[in-house]
């Protein structure tokens, strides 16, 4: 208590405390330069003339840098940033969302929550992984001067996720400790391939359809250690046709990563995605909306250690062969 009373009544003591606090924070930034200056002016054997010249050179260099920085900031054009997707603060039942926008001038950079994203001639697009609940996203664009847009995207649990979080009943948890565990049988290569495919995807879509419709695995006719794979899946529904397409790309990317990141004898993989489509008569039915294939020779050239967003939005769409695409 006496300490705080002295701060209120003794101005000199207050200034000493403030100086001590400031010095504590500034020590890491001032100690080394201070020691260099002290040695140069007090201990070095340079002549007085050399010290004066050095002072002018260093001081002039610092002033020049500061001046150039101020000039660059003054000349920097005020940037403009527009977010095209998503449209404002939204709620979604998905693990990812696509952020698309435009900016001017076209030679500026763009950051999403401090991470620089790939841009192309005034436009950018990225897949953003959502956590459960509110996701605060700050998009900035510019150079010296910055334009900012803040979004709040709320990720809601899907019906499948809610179901998996249901607490099991007590009888299911009570198992005798003496119950023998089943022996895990060795898997055939085909079973290992199928397991990789199934574990790379969710079990169902956000419309409660089975995610995987069919998996066919066939041995190559000229090599019984290489395989051709055909996978048919249902696509998730989303806010727009472009979001649906990006979701399909994400599913296909997961499968191709599972098949090609670690070699397991895949010679060629083909993936077909289905989605409900409505004809001109108003009749709706599941149709094949996208079909891609990827051969091992092309897969070996891919850097599979890249992040998933880069693979699904930039790399693989340029590498896989698109045989059918009904989505814009």
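The values are calculated or read from the model by the stated rules, or taken from the named source; none is laboratory data. Since this is a predicted model, take the numbers as computed values, not measurements. Cβ sites come from the backbone with ideal geometry, for glycine too, and all protein chains shown count toward neighbours.
Being in contact with a helix residue (DSSP H, G or I) (Cβ under 9 Å, 6 or more places away or on another chain) and not in a strand (DSSP E or B) is the filter; apply it to the range 211-242 and report the residue that is farthest from residue 86 (Cα to Cα).
It comes out as 211.
Could you say which residue among 268, 298 is farther than 22 Å from residue 213 by Cα and at pLDDT 90 or above?
Of 268, 298, the one residue that is farther than 22 Å from residue 213 by Cα and at pLDDT 90 or above is 298.
Could you grab me the full set of residues in the range 257-267 that are surrounded by fewer than 19 Cβ atoms within 10 Å (Cβ to Cβ) and over 26 Å from the mean Cα position of the chain (by Cα)?
Passing the criteria: 264, 265, 267.
Being in a loop (DSSP other than H, G, I, E, B) and over 27 Å from the mean Cα position of the chain (by Cα) is the filter here, so list the residues in the range 183-208 that pass it.
Of everything in the range 183-208, those that are in a loop (DSSP other than H, G, I, E, B) and over 27 Å from the mean Cα position of the chain (by Cα) turn out to be 183, 184, 185, 186, 187, 188.
Quick one: which of 293, 240 is more than 19 Å from the chain's Cα centre (by Cα) and either more than 26 Å from residue 120 (Cα to Cα) or in the same structural domain as residue 85 (by TED's automatic domain parsing) (or both)?
Among 293, 240, only 293 is more than 19 Å from the chain's Cα centre (by Cα) and either more than 26 Å from residue 120 (Cα to Cα) or in the same structural domain as residue 85 (by TED's automatic domain parsing) (or both).
With (1) under 21 Å from residue 215 (Cα atoms); (2) loosely packed, with under 15 Cβ neighbours inside 10 Å; (3) touching a strand residue (DSSP E or B) at 6+ places or on another chain (Cβ under 8 Å) as the list, and residue 274 as the residue in question, which single condition is left unmet?
(2)
Among the residues of the range 204-222 satisfying the criterion of being out of contact with any strand residue (DSSP E or B) (no Cβ under 7 Å at 6 or more places or on another chain) and touching a residue at least 12 places away in the same chain (Cβ under 8 Å), which is surrounded by the most Cβ atoms within 10 Å (Cβ to Cβ)?
For the range 204-222, the residue satisfying everything is 206.
Could you tell me whether the range 51-70 includes any residue that is surrounded by fewer than 11 Cβ atoms within 10 Å (Cβ to Cβ) and not in a helix (DSSP H, G or I)?
No, because not a single residue in the range 51-70 is surrounded by fewer than 11 Cβ atoms within 10 Å (Cβ to Cβ) and not in a helix (DSSP H, G or I).
So residue 240 clears everything in (1) in contact (Cβ under 8 Å) with a residue 60 or more places away in the chain; (2) within 19 Å of residue 291 (Cα to Cα); (3) loosely packed, with under 15 Cβ neighbours inside 10 Å except one condition, right? Which one?
The single condition residue 240 does not satisfy is (2).
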